[in-house]
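**Q** One structure follows; several queries about it will come next.
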Amino acid sequence: MEAEGAAMIHVLDVLRDRGFVEQTTDEANLRELLRSPTTCYIGFDPTASSFHVGSLVPIMALAHMQRAGHRPIALVGGGTAMIGDPSGKTEMRRLLTRDQIEANAQGLKVQLARFLDFDDGALLLNNADWLLGLNYIEFLRDVGVHFSVNRMLAAESYRQRLETGLNFIEFNYMLLQAYDFLHLFRHFGCRVQMGGNDQWGNIVAGVELIRRTEGQAAHAITFPLITTASGAKMGKTAQGAIWLDPALTSPYDFYQYWINTEDPDVERFLGLFTFLPMDRVRELGRLEGAAIREAKEVLAFEVTRLVHGEAEARRARDASLALFGGGGRLDKAPTHEVDPARLVEGIEAFVLLHEAGLTKSRGEARRLIGQGGAYLHGEPIRSFDQRITVTDLKDGVILLRAGKKKHCVIRPAREG
RNA sequence: GGUGGGGUUCCCGAGUGGUCAAAGGGAGCAGACUGUAAAUCUGCCGGCGACGCCUUCGGAGGUUCGAAUCCUCCCCCCACCA
(Lines give C-alpha, C1' and ligand atoms only; values in the text may rest on other atoms or scores of the structure.)
Protein backbone atom coordinates (compact mmCIF):
# COMPACT_ATOMS: atom_id res chain seq x y z
CA MET A 1 0.00 0.00 0.00
CA GLU A 2 2.97 2.23 0.36
CA ALA A 3 3.25 2.34 -3.42
CA GLU A 4 0.53 4.95 -3.64
CA GLY A 5 1.26 6.12 -0.14
CA ALA A 6 2.96 9.27 -1.21
CA ALA A 7 -0.08 10.50 -3.02
CA MET A 8 -2.52 9.31 -0.40
CA ILE A 9 -3.84 11.74 2.13
CA HIS A 10 -3.10 10.70 5.68
CA VAL A 11 -6.12 9.11 7.41
CA LEU A 12 -5.86 11.56 10.20
CA ASP A 13 -6.28 14.36 7.71
CA VAL A 14 -9.16 12.58 6.07
CA LEU A 15 -10.89 12.20 9.40
CA ARG A 16 -10.17 15.73 10.47
CA ASP A 17 -11.26 17.12 7.15
CA ARG A 18 -14.55 15.31 7.37
CA GLY A 19 -15.28 16.45 10.89
CA PHE A 20 -14.53 13.32 12.86
CA VAL A 21 -11.83 14.55 15.17
CA GLU A 22 -12.39 16.27 18.50
CA GLN A 23 -9.14 15.43 20.24
CA THR A 24 -6.25 13.04 19.94
CA THR A 25 -3.34 12.02 22.05
CA ASP A 26 0.12 13.22 21.02
CA GLU A 27 -0.51 13.95 17.38
CA ALA A 28 3.01 13.68 15.99
CA ASN A 29 3.44 10.14 17.21
CA LEU A 30 -0.07 9.13 16.27
CA ARG A 31 0.50 10.45 12.79
CA GLU A 32 3.72 8.54 12.50
CA LEU A 33 2.09 5.35 13.76
CA LEU A 34 -0.69 5.58 11.20
CA ARG A 35 1.73 5.73 8.31
CA SER A 36 1.88 1.97 8.43
CA PRO A 37 -1.03 -0.45 8.84
CA THR A 38 -2.35 -0.19 12.35
CA THR A 39 -5.04 -1.94 14.32
CA CYS A 40 -7.65 0.30 15.89
CA TYR A 41 -10.88 -0.31 17.71
CA ILE A 42 -14.14 1.21 18.79
CA GLY A 43 -16.47 -0.22 21.38
CA PHE A 44 -20.20 -0.53 20.78
CA ASP A 45 -22.86 -1.19 23.35
CA PRO A 46 -25.08 -4.14 22.49
CA THR A 47 -28.01 -2.55 24.26
CA ALA A 48 -30.25 -3.06 21.22
CA SER A 49 -30.30 -5.36 18.24
CA SER A 50 -29.85 -2.47 15.88
CA PHE A 51 -27.68 0.60 15.64
CA HIS A 52 -29.31 3.93 15.24
CA VAL A 53 -28.17 6.97 13.36
CA GLY A 54 -26.13 8.16 16.31
CA SER A 55 -23.75 5.23 15.88
CA LEU A 56 -23.03 6.09 12.30
CA VAL A 57 -20.15 8.37 13.22
CA PRO A 58 -17.99 5.70 14.86
CA ILE A 59 -18.98 3.16 12.21
CA MET A 60 -17.94 5.53 9.43
CA ALA A 61 -14.70 6.24 11.25
CA LEU A 62 -13.84 2.55 11.29
CA ALA A 63 -14.73 2.29 7.63
CA HIS A 64 -12.39 5.16 6.81
CA MET A 65 -9.68 3.38 8.73
CA GLN A 66 -10.13 0.20 6.76
CA ARG A 67 -10.15 2.09 3.49
CA ALA A 68 -6.86 3.61 4.47
CA GLY A 69 -5.35 0.18 4.93
CA HIS A 70 -5.71 -0.23 8.67
CA ARG A 71 -7.35 -3.03 10.54
CA PRO A 72 -10.59 -2.05 12.32
CA ILE A 73 -11.95 -3.93 15.29
CA ALA A 74 -15.56 -3.44 16.26
CA LEU A 75 -15.75 -4.44 19.87
CA VAL A 76 -19.15 -5.39 21.16
CA GLY A 77 -19.33 -4.62 24.83
CA GLY A 78 -21.04 -7.80 25.88
CA GLY A 79 -19.22 -7.79 29.17
CA THR A 80 -19.33 -4.12 29.92
CA ALA A 81 -22.99 -3.91 28.94
CA MET A 82 -23.59 -5.96 32.02
CA ILE A 83 -22.39 -2.96 33.99
CA GLY A 84 -23.38 0.18 32.14
CA ASP A 85 -21.17 3.09 31.29
CA PRO A 86 -21.94 6.13 33.42
CA SER A 87 -20.08 8.54 31.12
CA GLY A 88 -22.08 11.63 30.47
CA LYS A 89 -25.34 10.03 31.36
CA THR A 90 -27.42 11.07 34.26
CA GLU A 91 -28.96 7.75 34.99
CA MET A 92 -27.73 4.28 35.39
CA ARG A 93 -28.40 2.01 32.50
CA ARG A 94 -30.50 -1.02 32.90
CA LEU A 95 -28.56 -4.22 32.94
CA LEU A 96 -29.00 -6.83 30.27
CA THR A 97 -28.80 -10.58 30.40
CA ARG A 98 -26.20 -12.53 28.48
CA ASP A 99 -28.75 -13.94 26.08
CA GLN A 100 -30.11 -10.54 25.18
CA ILE A 101 -26.64 -9.24 24.62
CA GLU A 102 -25.69 -12.17 22.45
CA ALA A 103 -28.76 -11.77 20.28
CA ASN A 104 -28.14 -8.03 19.97
CA ALA A 105 -24.53 -8.55 18.97
CA GLN A 106 -25.66 -10.72 16.08
CA GLY A 107 -27.93 -7.98 14.78
CA LEU A 108 -25.18 -5.42 15.03
CA LYS A 109 -22.74 -7.52 13.07
CA VAL A 110 -25.07 -7.72 10.09
CA GLN A 111 -25.27 -3.94 10.01
CA LEU A 112 -21.55 -3.45 10.47
CA ALA A 113 -20.91 -5.75 7.52
CA ARG A 114 -22.29 -3.08 5.23
CA PHE A 115 -19.48 -0.78 6.23
CA LEU A 116 -16.64 -3.08 7.18
CA ASP A 117 -15.18 -5.95 5.24
CA PHE A 118 -14.92 -8.77 7.71
CA ASP A 119 -13.37 -10.97 5.03
CA ASP A 120 -10.56 -8.53 4.63
CA GLY A 121 -9.20 -8.11 8.11
CA ALA A 122 -11.92 -6.35 10.03
CA LEU A 123 -12.77 -8.07 13.28
CA LEU A 124 -15.81 -8.26 15.47
CA LEU A 125 -14.99 -9.17 19.04
CA ASN A 126 -16.97 -9.40 22.22
CA ASN A 127 -15.35 -8.37 25.45
CA ALA A 128 -17.54 -10.81 27.34
CA ASP A 129 -15.03 -13.38 26.10
CA TRP A 130 -12.32 -12.06 28.39
CA LEU A 131 -14.16 -10.00 30.99
CA LEU A 132 -16.56 -12.58 32.30
CA GLY A 133 -13.83 -14.94 33.34
CA LEU A 134 -11.84 -12.38 35.25
CA ASN A 135 -10.83 -13.19 38.77
CA TYR A 136 -11.58 -10.30 41.07
CA ILE A 137 -8.51 -10.51 43.26
CA GLU A 138 -6.16 -10.92 40.33
CA PHE A 139 -7.82 -8.08 38.51
CA LEU A 140 -7.42 -5.75 41.46
CA ARG A 141 -3.81 -6.69 41.83
CA ASP A 142 -2.86 -6.50 38.15
CA VAL A 143 -5.03 -3.67 36.93
CA GLY A 144 -6.44 -1.93 39.97
CA VAL A 145 -3.03 -0.94 41.28
CA HIS A 146 -2.48 1.32 38.30
CA PHE A 147 -5.46 3.50 38.99
CA SER A 148 -5.65 6.49 41.26
CA VAL A 149 -9.08 7.07 42.70
CA ASN A 150 -8.30 10.75 43.02
CA ARG A 151 -7.66 10.99 39.31
CA MET A 152 -10.74 9.00 38.45
CA LEU A 153 -12.91 11.28 40.52
CA ALA A 154 -11.46 14.24 38.71
CA ALA A 155 -12.46 12.79 35.34
CA GLU A 156 -15.17 14.76 33.65
CA SER A 157 -17.14 11.62 32.99
CA TYR A 158 -17.52 10.93 36.68
CA ARG A 159 -17.92 14.49 37.87
CA GLN A 160 -21.54 14.89 36.90
CA ARG A 161 -22.45 11.55 38.32
CA LEU A 162 -20.86 12.45 41.59
CA GLU A 163 -23.62 14.95 42.12
CA THR A 164 -26.49 12.57 41.56
CA GLY A 165 -24.81 9.46 42.80
CA LEU A 166 -22.50 6.95 41.25
CA ASN A 167 -22.48 3.41 42.42
CA PHE A 168 -19.51 1.14 42.67
CA ILE A 169 -20.35 -1.07 39.73
CA GLU A 170 -20.35 1.94 37.42
CA PHE A 171 -17.22 3.29 38.98
CA ASN A 172 -15.44 0.20 37.72
CA TYR A 173 -16.39 0.81 34.14
CA MET A 174 -13.27 2.81 33.42
CA LEU A 175 -11.02 -0.02 34.62
CA LEU A 176 -12.78 -2.55 32.45
CA GLN A 177 -12.62 -0.41 29.34
CA ALA A 178 -8.96 0.25 30.00
CA TYR A 179 -8.47 -3.47 30.40
CA ASP A 180 -10.21 -4.09 27.06
CA PHE A 181 -7.70 -1.84 25.37
CA LEU A 182 -4.85 -3.63 27.09
CA HIS A 183 -6.24 -7.00 26.07
CA LEU A 184 -6.60 -5.95 22.45
CA PHE A 185 -3.11 -4.53 22.52
CA ARG A 186 -1.68 -7.78 23.80
CA HIS A 187 -3.62 -10.12 21.55
CA PHE A 188 -4.15 -8.10 18.40
CA GLY A 189 -1.49 -5.43 18.55
CA CYS A 190 -4.21 -2.79 18.76
CA ARG A 191 -2.73 0.64 19.34
CA VAL A 192 -5.52 3.07 18.69
CA GLN A 193 -8.90 3.42 20.30
CA MET A 194 -11.52 5.77 19.00
CA GLY A 195 -14.82 6.83 20.49
CA GLY A 196 -17.11 9.69 21.32
CA ASN A 197 -15.56 12.52 23.23
CA ASP A 198 -17.41 11.45 26.33
CA GLN A 199 -15.18 8.40 26.20
CA TRP A 200 -11.98 10.42 26.42
CA GLY A 201 -11.36 9.61 30.05
CA ASN A 202 -11.97 5.91 29.56
CA ILE A 203 -9.82 5.71 26.47
CA VAL A 204 -6.93 7.58 28.00
CA ALA A 205 -7.13 5.32 31.02
CA GLY A 206 -6.42 2.45 28.64
CA VAL A 207 -3.57 4.32 27.01
CA GLU A 208 -1.99 4.83 30.40
CA LEU A 209 -2.56 1.26 31.44
CA ILE A 210 -0.75 0.04 28.35
CA ARG A 211 2.11 2.38 29.01
CA ARG A 212 2.46 1.26 32.60
CA THR A 213 2.12 -2.44 32.09
CA GLU A 214 3.72 -2.83 28.66
CA GLY A 215 5.84 0.26 28.42
CA GLN A 216 4.33 0.92 25.01
CA ALA A 217 2.56 3.85 23.44
CA ALA A 218 -1.09 3.63 22.43
CA HIS A 219 -3.36 6.36 21.18
CA ALA A 220 -6.79 7.89 21.39
CA ILE A 221 -8.94 9.70 18.88
CA THR A 222 -12.30 11.07 19.92
CA PHE A 223 -15.20 12.33 17.87
CA PRO A 224 -17.16 15.45 18.63
CA LEU A 225 -20.65 15.00 19.98
CA ILE A 226 -22.77 15.36 16.88
CA THR A 227 -25.88 17.44 17.37
CA THR A 228 -28.14 19.14 14.91
CA ALA A 229 -27.99 22.88 14.41
CA SER A 230 -30.87 23.34 16.81
CA GLY A 231 -29.14 21.26 19.46
CA ALA A 232 -30.97 17.96 19.19
CA LYS A 233 -29.10 14.72 19.45
CA MET A 234 -28.39 12.97 16.21
CA GLY A 235 -30.94 10.38 15.25
CA LYS A 236 -33.49 11.18 17.90
CA THR A 237 -36.90 12.39 16.92
CA ALA A 238 -40.06 12.77 18.91
CA GLN A 239 -41.24 9.51 17.35
CA GLY A 240 -38.15 7.76 18.64
CA ALA A 241 -34.75 6.80 17.35
CA ILE A 242 -33.93 6.43 13.68
CA TRP A 243 -32.71 2.85 13.39
CA LEU A 244 -30.58 1.23 10.75
CA ASP A 245 -32.71 -1.90 10.87
CA PRO A 246 -35.33 -1.58 8.10
CA ALA A 247 -37.80 -3.47 10.28
CA LEU A 248 -37.58 -0.71 12.88
CA THR A 249 -37.26 2.33 10.62
CA SER A 250 -38.36 1.86 7.04
CA PRO A 251 -35.96 2.98 4.30
CA TYR A 252 -38.57 5.56 3.34
CA ASP A 253 -38.59 7.06 6.85
CA PHE A 254 -34.84 6.81 7.01
CA TYR A 255 -34.55 8.73 3.76
CA GLN A 256 -37.03 11.31 5.02
CA TYR A 257 -34.99 11.84 8.16
CA TRP A 258 -32.04 12.98 6.11
CA ILE A 259 -34.11 15.00 3.67
CA ASN A 260 -35.32 17.00 6.64
CA THR A 261 -31.82 17.93 7.71
CA GLU A 262 -31.51 21.54 8.78
CA ASP A 263 -29.70 23.80 6.32
CA PRO A 264 -26.64 24.53 8.44
CA ASP A 265 -26.02 20.83 8.97
CA VAL A 266 -25.95 19.66 5.38
CA GLU A 267 -22.29 20.10 4.58
CA ARG A 268 -21.14 18.72 7.90
CA PHE A 269 -23.37 15.68 7.56
CA LEU A 270 -22.22 15.01 4.00
CA GLY A 271 -18.68 14.85 5.31
CA LEU A 272 -19.53 12.59 8.20
CA PHE A 273 -22.14 10.29 6.78
CA THR A 274 -21.12 9.77 3.15
CA PHE A 275 -17.94 8.84 1.34
CA LEU A 276 -18.34 11.57 -1.25
CA PRO A 277 -15.08 13.36 -2.01
CA MET A 278 -14.74 16.49 0.07
CA ASP A 279 -14.56 18.65 -3.08
CA ARG A 280 -18.04 17.48 -3.93
CA VAL A 281 -19.18 17.93 -0.33
CA ARG A 282 -18.02 21.52 -0.26
CA GLU A 283 -19.56 22.20 -3.61
CA LEU A 284 -22.92 20.95 -2.34
CA GLY A 285 -22.44 22.89 0.85
CA ARG A 286 -22.15 26.11 -1.08
CA LEU A 287 -25.68 25.83 -2.43
CA GLU A 288 -27.99 28.41 -0.96
CA GLY A 289 -31.67 29.06 -0.55
CA ALA A 290 -34.02 26.51 -2.02
CA ALA A 291 -31.19 24.99 -4.03
CA ILE A 292 -29.84 23.44 -0.88
CA ARG A 293 -32.59 20.87 -1.14
CA GLU A 294 -30.56 19.34 -3.91
CA ALA A 295 -27.75 18.78 -1.45
CA LYS A 296 -30.18 17.22 1.01
CA GLU A 297 -31.35 14.83 -1.67
CA VAL A 298 -27.79 13.76 -2.30
CA LEU A 299 -27.23 13.35 1.44
CA ALA A 300 -30.41 11.34 1.92
CA PHE A 301 -29.76 9.13 -1.06
CA GLU A 302 -26.15 8.45 -0.19
CA VAL A 303 -26.74 7.59 3.44
CA THR A 304 -29.74 5.44 2.58
CA ARG A 305 -27.66 3.67 -0.04
CA LEU A 306 -24.90 2.94 2.44
CA VAL A 307 -27.27 1.57 5.01
CA HIS A 308 -29.94 -0.13 2.91
CA GLY A 309 -28.33 -0.63 -0.47
CA GLU A 310 -28.79 0.96 -3.87
CA ALA A 311 -32.15 -0.59 -4.71
CA GLU A 312 -33.84 0.41 -1.47
CA ALA A 313 -32.40 3.88 -1.72
CA ARG A 314 -33.89 4.31 -5.16
CA ARG A 315 -37.28 3.12 -4.03
CA ALA A 316 -37.22 5.43 -1.04
CA ARG A 317 -36.32 8.33 -3.29
CA ASP A 318 -39.05 7.45 -5.77
CA ALA A 319 -41.66 7.28 -3.05
CA SER A 320 -40.48 10.57 -1.65
CA LEU A 321 -40.63 12.26 -5.03
CA ALA A 322 -44.05 10.81 -5.71
CA LEU A 323 -45.54 12.02 -2.45
CA PHE A 324 -43.92 15.41 -2.35
CA GLY A 325 -43.26 16.33 -5.91
CA GLY A 326 -45.52 14.32 -8.16
CA GLY A 327 -44.03 11.80 -10.50
CA GLY A 328 -42.07 8.89 -9.21
CA ARG A 329 -43.56 5.69 -7.95
CA LEU A 330 -45.35 4.90 -4.76
CA ASP A 331 -44.12 1.35 -4.23
CA LYS A 332 -42.32 2.01 -1.03
CA ALA A 333 -44.47 4.74 0.42
CA PRO A 334 -46.21 4.06 3.71
CA THR A 335 -49.28 2.05 2.86
CA HIS A 336 -52.43 0.98 4.68
CA GLU A 337 -54.84 -1.60 3.36
CA VAL A 338 -58.55 -1.56 4.05
CA ASP A 339 -61.33 -4.00 3.39
CA PRO A 340 -62.98 -2.94 0.10
CA ALA A 341 -66.40 -3.69 1.55
CA ARG A 342 -65.91 -0.93 4.10
CA LEU A 343 -65.03 1.52 1.40
CA VAL A 344 -68.32 0.84 -0.29
CA GLU A 345 -70.10 1.95 2.86
CA GLY A 346 -67.62 4.68 3.45
CA ILE A 347 -65.28 5.19 6.38
CA GLU A 348 -65.37 8.32 8.46
CA ALA A 349 -62.29 10.41 7.81
CA PHE A 350 -61.16 10.58 11.45
CA VAL A 351 -61.42 6.83 11.80
CA LEU A 352 -59.42 6.18 8.67
CA LEU A 353 -56.77 8.73 9.60
CA HIS A 354 -56.28 6.98 12.90
CA GLU A 355 -56.28 3.50 11.39
CA ALA A 356 -53.69 4.50 8.83
CA GLY A 357 -51.39 5.49 11.65
CA LEU A 358 -51.37 9.15 10.73
CA THR A 359 -52.63 10.15 14.18
CA LYS A 360 -52.23 8.56 17.57
CA SER A 361 -55.90 8.63 18.47
CA ARG A 362 -59.21 9.36 16.90
CA GLY A 363 -59.41 12.48 18.97
CA GLU A 364 -56.19 13.71 17.50
CA ALA A 365 -57.57 13.00 14.04
CA ARG A 366 -60.61 15.13 14.84
CA ARG A 367 -58.47 18.00 15.99
CA LEU A 368 -56.26 17.67 12.96
CA ILE A 369 -59.24 17.88 10.62
CA GLY A 370 -60.65 20.75 12.63
CA GLN A 371 -57.42 22.65 12.18
CA GLY A 372 -57.38 22.02 8.47
CA GLY A 373 -54.37 19.78 8.59
CA ALA A 374 -55.81 16.63 7.08
CA TYR A 375 -55.87 16.18 3.34
CA LEU A 376 -57.52 13.82 0.88
CA HIS A 377 -55.68 13.81 -2.43
CA GLY A 378 -54.23 17.14 -1.47
CA GLU A 379 -57.55 18.77 -0.59
CA PRO A 380 -58.33 19.64 3.03
CA ILE A 381 -60.90 17.37 4.60
CA ARG A 382 -63.72 19.59 5.80
CA SER A 383 -65.49 17.67 8.50
CA PHE A 384 -64.25 15.01 10.84
CA ASP A 385 -66.95 12.52 9.91
CA GLN A 386 -66.78 13.01 6.17
CA ARG A 387 -67.07 9.57 4.63
CA ILE A 388 -64.32 8.30 2.43
CA THR A 389 -65.61 5.86 -0.13
CA VAL A 390 -64.77 4.01 -3.31
CA THR A 391 -65.57 7.14 -5.25
CA ASP A 392 -62.50 8.72 -3.71
CA LEU A 393 -60.20 6.15 -5.30
CA LYS A 394 -57.84 7.61 -7.84
CA ASP A 395 -55.71 5.19 -9.81
CA GLY A 396 -56.82 2.58 -7.33
CA VAL A 397 -55.59 4.36 -4.24
CA ILE A 398 -56.56 7.05 -1.79
CA LEU A 399 -53.89 9.47 -0.70
CA LEU A 400 -54.18 10.77 2.81
CA ARG A 401 -51.90 13.34 4.31
CA ALA A 402 -51.53 14.70 7.84
CA GLY A 403 -49.83 18.03 7.97
CA LYS A 404 -47.15 18.68 5.42
CA LYS A 405 -45.07 15.57 5.66
CA LYS A 406 -46.96 12.56 6.84
CA HIS A 407 -48.43 10.60 3.96
CA CYS A 408 -50.24 7.35 3.68
CA VAL A 409 -51.42 5.48 0.63
CA ILE A 410 -54.72 3.72 1.27
CA ARG A 411 -55.26 0.65 -0.88
CA PRO A 412 -58.27 -1.64 -1.00
CA ALA A 413 -57.01 -5.01 0.19
CA ARG A 414 -57.02 -7.65 -2.51
CA GLU A 415 -58.91 -10.76 -1.70
CA GLY A 416 -56.53 -13.62 -1.90
C1' G B 1 -30.35 1.59 61.00
C1' G B 2 -31.69 7.11 62.35
C1' U B 3 -33.50 12.01 60.78
C1' G B 4 -35.39 15.10 57.12
C1' G B 5 -37.32 15.91 52.00
C1' G B 6 -39.76 13.83 47.96
C1' G B 7 -42.72 10.64 44.06
C1' U B 8 -48.11 15.08 39.50
C1' U B 9 -50.16 14.15 32.68
C1' C B 10 -43.94 12.83 27.11
C1' C B 11 -40.01 15.89 30.23
C1' C B 12 -39.31 19.85 33.91
C1' G B 13 -42.48 21.80 37.35
C1' A B 14 -47.07 24.45 40.06
C1' G B 15 -51.09 22.74 42.77
C1' U B 16 -52.52 21.02 49.92
C1' G B 17 -60.74 19.38 50.17
C1' G B 18 -64.83 21.36 45.41
C1' U B 19 -64.12 26.57 40.45
C1' C B 20 -58.62 20.21 38.45
C1' A B 21 -58.10 16.64 32.82
C1' A B 22 -54.92 19.62 36.70
C1' A B 23 -50.91 26.66 36.16
C1' G B 24 -46.28 27.65 33.70
C1' G B 25 -42.14 26.14 30.64
C1' G B 26 -40.02 22.59 27.22
C1' A B 27 -40.95 18.94 23.60
C1' G B 28 -44.60 17.64 20.02
C1' C B 29 -48.67 18.65 16.38
C1' A B 30 -51.51 21.98 13.00
C1' G B 31 -52.31 26.68 10.41
C1' A B 32 -49.99 31.20 8.36
C1' C B 33 -45.10 32.40 6.11
C1' U B 34 -41.69 29.05 3.22
C1' G B 35 -37.85 25.53 0.25
C1' U B 36 -40.15 18.49 2.78
C1' A B 37 -34.89 24.01 6.27
C1' A B 38 -34.65 27.67 10.20
C1' A B 39 -36.90 31.75 12.67
C1' U B 40 -41.57 34.09 13.80
C1' C B 41 -46.95 34.53 14.83
C1' U B 42 -51.65 31.88 16.06
C1' G B 43 -54.12 27.58 17.70
C1' C B 44 -53.95 22.57 19.64
C1' C B 45 -51.79 19.30 23.01
C1' G B 46 -55.39 12.03 28.25
C1' G B 47 -59.31 8.77 25.91
C1' C B 48 -64.15 8.22 23.80
C1' G B 49 -69.24 8.46 17.40
C1' A B 50 -67.96 13.64 22.42
C1' C B 51 -71.36 20.69 24.98
C1' G B 52 -71.52 14.74 28.00
C1' C B 53 -69.03 10.26 29.69
C1' C B 54 -64.57 7.45 31.11
C1' U B 55 -59.45 6.93 32.97
C1' U B 56 -55.13 9.71 35.21
C1' C B 57 -51.63 12.90 40.02
C1' G B 58 -46.09 6.01 43.20
C1' G B 59 -49.45 1.40 45.11
C1' A B 60 -53.56 -0.46 48.22
C1' G B 61 -57.28 0.81 51.50
C1' G B 62 -60.09 4.67 54.38
C1' U B 63 -62.56 9.60 55.83
C1' U B 64 -65.99 12.83 53.02
C1' C B 65 -71.80 14.68 49.46
C1' G B 66 -66.88 15.47 47.09
C1' A B 67 -59.65 13.87 47.31
C1' A B 68 -53.85 15.07 43.27
C1' U B 69 -55.00 17.50 47.94
C1' C B 70 -56.88 14.63 54.67
C1' C B 71 -55.83 9.56 57.39
C1' U B 72 -53.53 4.37 57.44
C1' C B 73 -50.27 0.77 55.54
C1' C B 74 -46.84 -0.44 51.63
C1' C B 75 -43.20 0.49 47.51
C1' C B 76 -39.43 3.62 45.46
C1' C B 77 -36.02 7.96 45.28
C1' C B 78 -32.85 11.85 47.43
C1' A B 79 -30.00 14.48 51.40
C1' C B 80 -27.54 14.43 56.01
C1' C B 81 -26.06 11.23 60.03
C1' A B 82 -24.41 6.06 61.23
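The values are calculated or read from the model by the stated rules, or taken from the named source; none is laboratory data. Since we're looking at a predicted model, the values are computed, not measured. We place every Cβ from the backbone using ideal geometry, glycine too, and count neighbours over all the protein chains shown. Please note that ligands, DNA and RNA were not included when accessible areas were found on the heavy atoms of the full protein model with its side chains. Shrake-Rupley method; radii C 1.70, N 1.55, O 1.52, S 1.80 Å.
**Q** Give the relative contact order (percent, whole number) for chain A; include only Cα pairs under 8 Å separated by 6+ residues.
**A** Relative contact order of chain A: 14 percent.
**Q** Ordered by residue, what ³J(HN,Hα) values in Hz, to whole numbers, does the range A:140-155 give under the Karplus form 6.51 cos²θ - 1.76 cosθ + 1.60, where θ = phi - 60° and Gly and Pro are x?
**A** 4, 6, 7, 10, x, 4, 7, 10, 9, 4, 4, 5, 4, 5, 7, 4
**Q** Please work out the FRET efficiency for the pair residue A:156 and residue A:117, using the Cβ-Cβ distance as r and a Förster radius of 25 Å; give the result to the nearest 0.05. Let's see the in-between values first.
**A** Details: r = 35 Å, r/R0 = 1.41.
Efficiency computed from Cβ-Cβ geometry: 0.10.
**Q** If the viscosity is 1.306 mPa s and the temperature 10 °C, what translational diffusion coefficient in µm²/s does Stokes-Einstein give for the range A:168-259 when Rh comes from Kirkwood over Cα pairs?
**A** Once the numbers are plugged in, D ends up at 102 µm²/s.
**Q** Here is a further query. Provide the per-residue ³J(HN,Hα) series for the range A:238-255, in order, calculated from phi with Karplus coefficients 6.51, -1.76, 1.60 and θ = phi - 60°, each as a whole number of Hz, with x at glycine and proline positions.
**A** 4, 7, x, 6, 9, 8, 7, 6, x, 6, 9, 9, 5, x, 5, 5, 4, 4
**Q** Considering amide H positions built from the backbone, and no H for Pro or chain starts, which residues 5 or more places from residue A:336, or on another chain, come under 5 Å of its amide H?
**A** Distant-sequence amide H within range of residue A:336: A:409, A:410, A:411.
**Q** Another one. Using a 10 angstrom cutoff on alpha carbons, build the Gaussian network for chain A and name the most mobile of A:332, A:236, A:360.
**A** Per the Cα network of chain A with a 10 Å cutoff, A:360 tops the list.
**Q** Using alpha carbons only, how many degrees (0 to 90, rounded to 10) separate the axis of helix A:310-324 from the longest principal axis of chain A?
**A** The angle comes out at about 40 degrees.
**Q** Calculate how steeply helix A:56-67 sits against the longest principal axis of the alpha-carbon atoms of chain A, using the helix alpha-carbon long axis, and give the answer as 0 to 90 degrees to the nearest 10.
**A** 60
**Q** Moving to a separate point now. Under 5 Å between amide hydrogens, which residues at least 5 positions from residue A:190 or on another chain qualify, with H placed 1.01 Å from N in the peptide plane?
**A** A:185
**Q** Sorting check: for A:400-411, A:287-298, A:201-212, which peptide has the highest mean count of neighbouring beta carbons within 10 Å, and how do the rest follow?
**A** By packing density, highest mean first, the sequence is A:201-212, A:400-411, A:287-298.
**Q** Shifting gears a bit: Could you give the alpha-carbon Rg of chain A over 2.2 N^0.38 Å, rounded to two decimals?
**A** On the way: Rg = 25.2 Å, N = 416, 2.2 N^0.38 = 21.8 Å.
Rounded to two decimals, the normalised Rg is 1.16.
**Q** If you don't mind, there's one more thing I want to ask. Using only the Cα atoms of the range A:271-322, build the gyration tensor, take square roots of its eigenvalues as a ≥ b ≥ c, and label the shape rounded, prolate or oblate: rounded if a/c is under 1.5, else prolate if a/b is larger than b/c, else oblate.
**A** It is oblate, given that a/c is not under 1.5 and a/b is not larger than b/c.
**Q** Shifting gears a bit: Can you divide the C-alpha Rg of the range A:206-302 by 2.2 N^0.38 Å and report the result to two decimal places? Could you put the intermediate results ahead of the total?
**A** Working: Rg = 17.9 Å, N = 97, 2.2 N^0.38 = 12.5 Å.
So the Cα radius of gyration is 1.43 times the expected 2.2 N^0.38 Å.
**Q** Let me confirm the definition first: pairs of Lys residues in chain A, 8 or more apart or on different chains, C-alpha distance under 17 Å. How many are there?
**A** Value for chain A: 8.
**Q** On to the next question. Which far-off residues, 5 or more places away or on another chain, put their amide H under 5 Å from the one on residue A:221, with H placed in the peptide plane?
**A** A:193, A:194, A:195
**Q** Same structure again: Given a cut-off of under 8 Å on Cα pairs at least six residues apart, what relative contact order in percent is computed for the range A:175-297?
**A** That works out to 17 percent.
**Q** First compute the accessible area of chain A with a 1.4 Å probe, then give the percent of it belonging to carbon and sulfur atoms.
**A** Numbers: 9910 of 20260 Å².
C and S atoms contribute 49 percent here.
**Q** Tabulate in residue order the Karplus-calculated ³J(HN,Hα) for the range A:29-38, using 6.51 cos²θ - 1.76 cosθ + 1.60 with θ = phi - 60°, rounded to whole Hz; enter x for Gly and Pro.
**A** 5, 4, 4, 5, 4, 6, 6, 10, x, 10
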